[in-house]
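Let me begin by presenting the structure, written as structure tokens, before commenting on it.
The values are calculated or read from the model by the stated rules, or taken from the named source; none is laboratory data. Keep in mind that this is a model prediction, so the values were computed, not measured. Counting neighbours? That spans all protein chains shown, and the Cβs are built from the backbone with ideal geometry, glycine included.
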Amino acid sequence: MHRESVKILLVLCSIVFVQHFSFAQTSLNKPNLGEPSKIAPFYFGPNAFPVPDMLDGEVSGELLVELGGDYYVGFAKDWTADVFAKLSVPLFTERARLTVWMPFVEFYGYTAERKRQCRLSDSIPSKGHDSGDVYVATEIYLLKEKTLCPALAIRAALKAASSDKGFYNARNYDCPGYFFDATLAKSIKFKNNFFEELRFVGSTGFLCWQTDNGRQNDAVMYGLRVKLQMKYLTIQETWSGYVGWEKDGDRPMTLKTNVAGRIGNFEPFFSYQYGLKDYPFHQFRLGLTYKIDVLNRAKKKNKGQ
């Protein structure tokens, strides 16, 4: 294993210890494990704890800045609109990077049916706005793809309880959370001027969030993706979700289609996500990604000096 990857793994272990310690400091009453907490994806807004986007089996050494806008149409005719941002910074190597993302602000409108589903009283406003939660992840590229060997990337992410008033309005979880996942990928390369690559990706992991009375919900993550890379266009289809142990609104499953173009360092993209289970939303995202290879630029600059 790459020496730099080992160092980063040690840092991740320290982060996990701190996260578990913070959970343990929560004041506890004896939790009633026989009753679901209903603090689950089905009963909250679409940004409360969505299905995390999968990695691609590798980690890029590029600096990545992404801005986008989401519009969610709920199955109960409710709606949510937000502004989303993401930043990925390489950690002095092509094998690891730090990624931060969050919906800066969301605006929403409830219907009476959705209020009933979320167990909200009539006194809760039907429209409003809220800030989102911050996610911080370390991503490590462990194995590069070879003839018989697939690419392997792992990730550890923390969710901060940074939202405004979302818990009482059923918009966000007012609690910390974290997840780990590993992604394998294998590509078929094409030797022509139009199709470049067909990539198959599989992912699994563990996701956890704190619920009521200090207990937590543990979930197994899963995902499959097929990606077609063309000269100026990328199309990918992703099936993913996670399975919580309470069996009440905590097993979201989604199907997501993403189309992205390439214009120099810019990648405009559009995606549509459909909630197959426990995620009662249609999601439409339109955004722009900017990528720049800062590591190679720094090397060339140092050589020039």
> Just to be sure, is residue 250 closer than 22 Å to residue 64 by Cβ, acidic (Asp, Glu) and buried (at least 19 other Cβ atoms within 10 Å of the Cβ)?
Replying inline: no
> Within the range 177-194, can one find any residue that is of a type outside the set (Asp, Glu), under 24 Å from residue 248 (Cβ atoms) and at pLDDT below 95?
Replying inline: yes
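Check every one of the strands (runs of 3 or more DSSP E) wholly within the range 121-216 and list those with 3 or more residues that are acidic (Asp, Glu) and without any contact (Cβ under 8 Å) to a residue 12 or more places away in the chain.
On the way: elements: 127-130, 135-143, 151-159, 177-189, 195-210.
Per the criteria, no element qualifies.
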>> Looking only at the range 202-217, how many residues end up being at negative phi and more than 16 Å from the chain's Cα centre (by Cα)?
In response: 6
>> Here's a check for you: in the range 29-72, which residue that is acidic (Asp, Glu) and assigned to a loop (DSSP other than H, G, I, E, B) is modelled with the lowest pLDDT?
In response: 35
> residue 141 versus (1) touching a Gly at 6+ places or on another chain (Cβ under 8 Å); (2) buried (at least 17 other Cβ atoms within 10 Å of the Cβ): which is the lone unmet condition?
Replying inline: (1)
>> Given the condition modelled with pLDDT of 95 or more and touching a helix residue (DSSP H, G or I) at 6+ places or on another chain (Cβ under 8 Å), answer yes or no: does some residue in the range 78-91 qualify?
In response: yes
>> Among the numbered criteria (1) of a type in the set (D, E, K, R); (2) over 18 Å from residue 183 (Cβ atoms); (3) surrounded by 15 or more Cβ atoms within 10 Å (Cβ to Cβ); (4) over 20 Å from the mean Cα position of the chain (by Cα), which one does residue 116 miss?
In response: (3)
